[in-house]
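Novice: Got a structure for you, questions after.
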Amino acid sequence: MTILSALTRLYDRLEEEGKAPEPGFSMEKVSFKLSIDANGNPMSLADIRSLANDKPMPRLISVPAPVKRASNIKPNKFWDKSSYVLGVTAIKEADTNGNDSMVGIQDERTKRLHQSFIHAHLELIQQANDPGLRAFRCFLENWTPEKFEKMNWPVDALDQNIVFEFDDGSGPKYIHDRSAVKELLGSSDENPETEKICLVTGEIGPVERLHPSIKGVAGAQSSGASLVSYNDNAYESFGKSQGENAPVSQRAAFSYGTALNTLLLRRATQEQNQFQRLGNDTTVVFWAEAEETETASFHELLMGQAVSPPDDQSETNRLRAMLIDVTRGNQITDPQLDPDTKIYILGLAPNAARLSVRFWCPGVFGSFAENISKFWEDLEIEPQGWKGLPSIRSILYETRVKASTTPNKTISPLLAGEIMRAVLTGQPLPRTLLSSIIRRIYADGSTSDRYTDGRRAAICKAVVNQNLCKNRSQSHFEKERVSVKLDSDSMIPAYRLGRLFAVLESVQSSALPGLNATIKDRYFSSASATPARVFPLLVKNSTHHLALLKKRDDGRLGHWFEKEMGKIWLGLDMDMPRALNLEDQGRFIVGYYHQRWTKTDKNESKNETNAPEQTTETTK
């Protein structure tokens, strides 16, 4: 099923649930309502913004669908900004104390905007007999911009969206919600098009020439961007213009545009369930398709939690247990959980005035649950790098330049899409992720943070093992894979060198406490890339550090470090590798992390000859 047809079917469900506007309408941000009486006299201009947050926020109201405009003058029907509706816009003006304040004026352009609003509506409702429309016509004929200041209306209304309200005796109601207005809008067709077969629904109907604008995609224009558009002759053929090149009916275009805009609305419930942002410019929406509305909503909630796990540990445990049951085919106790429920995941990115599809992943919940569970399993490491389940967003955060004033903008735009696609489809994580993580480790130097080191080591482990599993036989995989916890028996040279480096660092830190820079700050990147050039120098220096340690506390700590180094050396060849490739650098990092942060079993330590009474920094 294509993206547009899946979104069209979603709209039918949203409309049935009352979560999407009816055809011809759109959910838009509105800040003020203008109440008028039967003679069209303005009664009040009321602020309807929500005060739930620190500052007033516009309300989302179903209004007639907005027109497409850039610099052109074209009014919306029965609502618009103050420059169109009242002929007044805001400018800054210094008061008597020299402070800037907002005042309303009418410049030449604002005058043209207001006149276009009046002429368009007078022509539309000239034959209307509805009381609300008659009152609206009287308002348009009698209103002058000078009245705004005389009526002492709030300057906050300037350049905000305004709707009209009228009370015909049955209670106040927005004019655009009156049945007469809906009939009028439904019967009006400014540009009738030739009926053709719709490529989305297969039905015959008028073709949409300009597809709807999509709002809410990170990095795209605030006025909206087009998912389908033809802006140059090079993209047109056979003399057809705009939407005629790929006929989509007006009904289907409205349906997919409204469904997508509804998913992108920044409501609290939708941000938790069906809306995610990855990196700097990738916006992800997902939805479920099922016979029962409750079933679809339940799986949308689960997918939202799977992509971005909750902070609450009990919720996290419940989520993982549920996904494991689906993955292993265990008996499912929750009657709403159905592994065969269809799931659609769409990733969008801005491209000037248009949108690019970063990825499109249709599938069933069971497959996604299996792939996400495998993703969590591949990222397991001991000691743990995450306090809960890792999210895809947290993987990307480890590639940021944290010293930047805008760290999120330093995340590779393409990497977000590649990682999301890999996780959802069960493919190996991209090698570009491994190179990005290693580059950040080298650039950041010593973090002295177990969680930061652990997260990055876990990512290296996951990428190395996933690509190894893809490219090698089972026997090679078992021999070269990186383990979850410290593996003293592993014979992988790069892994053992990482462990050796951690011991050498701890020897230096123990012998010379209070150093401003350890060997990790100076030699980590070169040691993990070209060990044959660096390790001879590090080992030579460690002999002096061990000599200092042996002179303290009966030499127990020095002898213990010397024994640890000896165990690691036993698994290394005399000739060290001259250079390590990208995967081996990842193994080096994991080996360093395991040796650096794994706690030593005190019972085992006490059984060793000359073992120290307490753990060292190496085993912190």
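Novice: Return the residues of region 390-447 that are assigned to a loop (DSSP other than H, G, I, E, B), open to solvent by less than 60 Å² (accessible area, probe 1.4 Å) and not β-branched (V, I, T); say none if nothing qualifies.
Specialist: P390, S391, E398, R400, S404, S412, G426, P428, L429, P430, G445, S446
Novice: What single numbered condition from (1) in a strand (DSSP E or B); (2) free of Cβ contacts under 8 Å to residues at least 24 places away in the same chain; (3) of a type in the set (A, V, I, L, M) fails to hold for A234?
Specialist: Going through the list (1) in a strand (DSSP E or B); (2) free of Cβ contacts under 8 Å to residues at least 24 places away in the same chain; (3) of a type in the set (A, V, I, L, M), A234 breaks only (1).
Quick grid of which residues meet (1) open to solvent by less than 20 Å² (accessible area, probe 1.4 Å); (2) assigned to a helix (DSSP H, G or I); (3) of a type in the set (G, A, S):
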site: I568; (1), (2), (3): yes, yes, no
site: D575; (1), (2), (3): no, no, no
site: A579; (1), (2), (3): no, no, yes
site: K599; (1), (2), (3): no, no, no
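Novice: Continuing with this model, one more query. Being closer than 22 Å to P66 by Cα and open to solvent by less than 60 Å² (accessible area, probe 1.4 Å) is the filter here; which residues of region 1-22 pass it?
Specialist: L4, L7, T8, L10, Y11, L14, A20, P21
Novice: How many residues does region 375-389 hold that are part of a loop (DSSP other than H, G, I, E, B) and either in contact with a Leu (Cβ under 8 Å, 6 or more places away or on another chain) or at pLDDT below 90 (or both)?
Specialist: Qualifying residue count, region 375-389: 6.
Novice: Is there a residue in region 416-429 that is modelled with pLDDT under 90 and within 25 Å of Y344 (Cα to Cα)?
Specialist: Yes, there is a match, as at least one residue in region 416-429 is modelled with pLDDT under 90 and within 25 Å of Y344 (Cα to Cα).
Novice: Would you mind stating whether E564 is of a type in the set (D, E), at pLDDT below 50 and farther than 17 Å from R481 by Cα?
Specialist: no
Novice: Has region 438-452 got any residue that is within 25 Å of H594 (Cβ to Cβ) and either modelled with pLDDT of 95 or more or in contact with a Cys (Cβ under 9 Å, 6 or more places away or on another chain) (or both)?
Specialist: Looking through region 438-452, at least one residue is within 25 Å of H594 (Cβ to Cβ) and either modelled with pLDDT of 95 or more or in contact with a Cys (Cβ under 9 Å, 6 or more places away or on another chain) (or both).
Novice: When K540 is evaluated against the numbered criteria (1) farther than 25 Å from A457 by Cβ; (2) touching a residue at least 60 places away in the same chain (Cβ under 8 Å); (3) of a type in the set (D, E, K, R), which criterion, by number, is the only one it fails?
Specialist: Single failed check for K540: (2).
Novice: Given (1) at pLDDT below 95; (2) open to solvent by less than 70 Å² (accessible area, probe 1.4 Å); (3) within 30 Å of G224 (Cβ to Cβ), identify the lone condition not met by R277.
Specialist: (2)
Novice: On the given criteria, is A225 under 18 Å from V67 (Cβ atoms), among the hydrophobic types (A, V, I, L, M, F, W, C) and under 31 Å from the mean Cα position of the chain (by Cα)?
Specialist: Taking the combined requirement at face value, the residue satisfies it.
Novice: Still on this structure, please answer the following. How many of the residues making up region 296-332 are of a type in the set (S, T, Y) and either in contact with an Asp or Glu (Cβ under 8 Å, 6 or more places away or on another chain) or within 24 Å of R9 (Cβ to Cβ) (or both)?
Specialist: Counting residues in region 296-332 that are of a type in the set (S, T, Y) and either in contact with an Asp or Glu (Cβ under 8 Å, 6 or more places away or on another chain) or within 24 Å of R9 (Cβ to Cβ) (or both) gives 2.
Novice: So which residues in region 361-383 are surrounded by fewer than 17 Cβ atoms within 10 Å (Cβ to Cβ) and either more than 22 Å from the chain's Cα centre (by Cα) or of a type in the set (G, A, S) (or both), if there are any at all?
Specialist: Selection gives G363, E377, E380, E382.
Novice: Okay, moving on. Could you run through region 234-248 and say how many residues are of a type in the set (G, A, S) and open to solvent by less than 30 Å² (accessible area, probe 1.4 Å)?
Specialist: So the count comes out to 2.
Novice: Name the single residue, out of those in region 463-501 being open to solvent by less than 50 Å² (accessible area, probe 1.4 Å), polar (S, T, N, Q) and assigned to a helix (DSSP H, G or I), that is modelled with the lowest pLDDT.
Specialist: N467
Novice: So R266 passes all but one of these: (1) out of contact with any helix residue (DSSP H, G or I) (no Cβ under 9 Å at 6 or more places or on another chain); (2) modelled with pLDDT of 90 or more; (3) not in a helix (DSSP H, G or I). Which condition number does it fail?
Specialist: (2)
Novice: Hey, another quick one. Only one residue in N231, N261 is open to solvent by 30 Å² or more (accessible area, probe 1.4 Å) and modelled with pLDDT under 85, so which one is that?
Specialist: On inspection, the qualifying residue turns out to be N231.
Novice: Of the conditions (1) assigned to a loop (DSSP other than H, G, I, E, B); (2) modelled with pLDDT under 80; (3) touching a helix residue (DSSP H, G or I) at 6+ places or on another chain (Cβ under 7 Å); (4) of a type in the set (V, I, T), I73 clears all except one; give me its number.
Specialist: (2)
Novice: Taking into account only those residues within region 530-573 that are under 20 Å from G591 (Cα atoms) and among the acidic types (D, E), which is nearest to the chain's Cα centre (by Cα)?
Specialist: Here the residue is E564.
Novice: Ok, one more. Can you list the strands (runs of 3 or more DSSP E) found entirely within region 133-220 that contain at least 2 residues being open to solvent by less than 70 Å² (accessible area, probe 1.4 Å)?
Specialist: Because the criterion is at least 2 residues that are open to solvent by less than 70 Å² (accessible area, probe 1.4 Å), the strands (runs of 3 or more DSSP E) in region 133-220 that meet it are 161-167, 204-206.
Novice: To continue, here is another question. What is the number of the single condition among (1) exposed (fewer than 13 other Cβ atoms within 10 Å of the Cβ); (2) basic (K, R); (3) out of contact with any helix residue (DSSP H, G or I) (no Cβ under 9 Å at 6 or more places or on another chain) that K551 does not meet?
Specialist: Condition not satisfied by K551: (3).
Novice: In region 38-56, which residue that is free of Cβ contacts under 8 Å to residues at least 12 places away in the same chain and farther than 12 Å from F139 by Cβ is most open to solvent (accessible area, probe 1.4 Å)?
Specialist: This residue is D54.
Novice: If we keep just the residues of region 318-353 that are part of a strand (DSSP E or B), open to solvent by 20 Å² or more (accessible area, probe 1.4 Å) and modelled with pLDDT of 90 or more, which is farthest from H211 (Cα to Cα)?
Specialist: If we take residues in region 318-353 being part of a strand (DSSP E or B), open to solvent by 20 Å² or more (accessible area, probe 1.4 Å) and modelled with pLDDT of 90 or more, then K342 is farthest from H211 (Cα to Cα).
The values are calculated or read from the model by the stated rules, or taken from the named source; none is laboratory data. For clarity, every value in this text was computed on a predicted model and none was experimentally measured. Here Cβ is always computed from backbone atoms with ideal geometry, including for glycine, and neighbour counts include all displayed protein chains. These area figures cover heavy atoms from the full protein model, side chains too; ligands, DNA and RNA do not enter into them. Shrake-Rupley method; radii C 1.70, N 1.55, O 1.52, S 1.80 Å.
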